[in-house]
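Notes follow the structure.
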Amino acid sequence: MKRICPLILGLLILSLTSGCAGHVVYASGPYRGRVVDADTQQPLVGAAVVAIWYREVPVAPHGPAVDYHDSMEVLTDTNGEFIVPKRTHLTLIGKIREPDFVIYYPAYAPYPSLKARPQGKEIDSAYEQRVFNIELQKLKTEGERMSVGDMPVSLSNVPDVEMPNLVRLVNKERQDLGLQPIRIGR
């Protein structure tokens, strides 16, 4: 037993100081934002905002492996504003990336998509400031709405229990389009 404890301690120190360990504690947020109609600039009240954190582990020589770590869902308020509060994440291996955001409101193109802003360098600025001003484009035809009716964005690795409002809003849109409800995540 006396020989095992130093061995375990040595392995722990080695893993924490090796290139694959990264930090142990990652602070993230808070993130603030506002979700509006791209044309009218009116707030979208009750839009689902899902922040998704991924863990990145270096795997030489192929580059990093990325897997789901955590998520949090919030809704926009009467001004279309949201706050994803500060969170602390723990990991012994790899690092926790800044969260990806998925924003959904029925009859609108989801974020991220080509019909939503910010895009490109605006996204880098939003992460630096931790403030996201999201503009969603209203989908004008039933065909456009049907194109995002099955899966507005890829959320297959986020548990449904972590995004109940997004699931509810997607299924409301599907019902309005005469489609059967779906289960988005796991």
Can you give me the distance in nm between label points at VAL45 and GLU142, each placed 7 Å from the Cα along the Cα-to-Cβ direction? 2.9 nm
With 0.36 nm assigned to each residue of separation and the Cα-Cα distance removed, ASP100 to GLN175 gains 24.2 nm
Candidate aspartates and glutamates for bridging to LYS95, where Cα separation is under 13 Å - those fewer than 8 sequence places away on the same chain excluded: GLU56, ASP67, ASP70
Determine the sum of side-chain charges near ALA38: Lys and Arg each +1, Asp and Glu each -1, restricted to other residues whose C-beta is under 9 angstrom from that of ALA38. 0
Subtracting the Cα-Cα distance of ALA38 and VAL131 from 0.36 nm times their residue separation yields 31.8 nm
Too long for a 19 Å Cα-Cα cut-off, among LYS86/LYS115; LYS138/LYS172; LYS115/LYS138; LYS115/LYS140, are LYS86/LYS115
With a sphere of radius 10 Å drawn around the Cβ of LEU166, what net charge do the other residues whose Cβ falls strictly inside it have (Lys, Arg +1; Asp, Glu -1)? -2
At a Förster distance of 25 Å, what's the computed FRET efficiency of ASN79 paired with GLN119, Cβ-Cβ distance as r, to 0.05? 0.60
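Taken together, the values in this text are just the output of simple stated rules run on the coordinates, not laboratory data. The structure presented is a predicted model; accordingly, all values stated were derived computationally and were not measured. Using ideal geometry, Cβ is built from the backbone for each residue, glycine included, and neighbour counts are taken over all protein chains shown.
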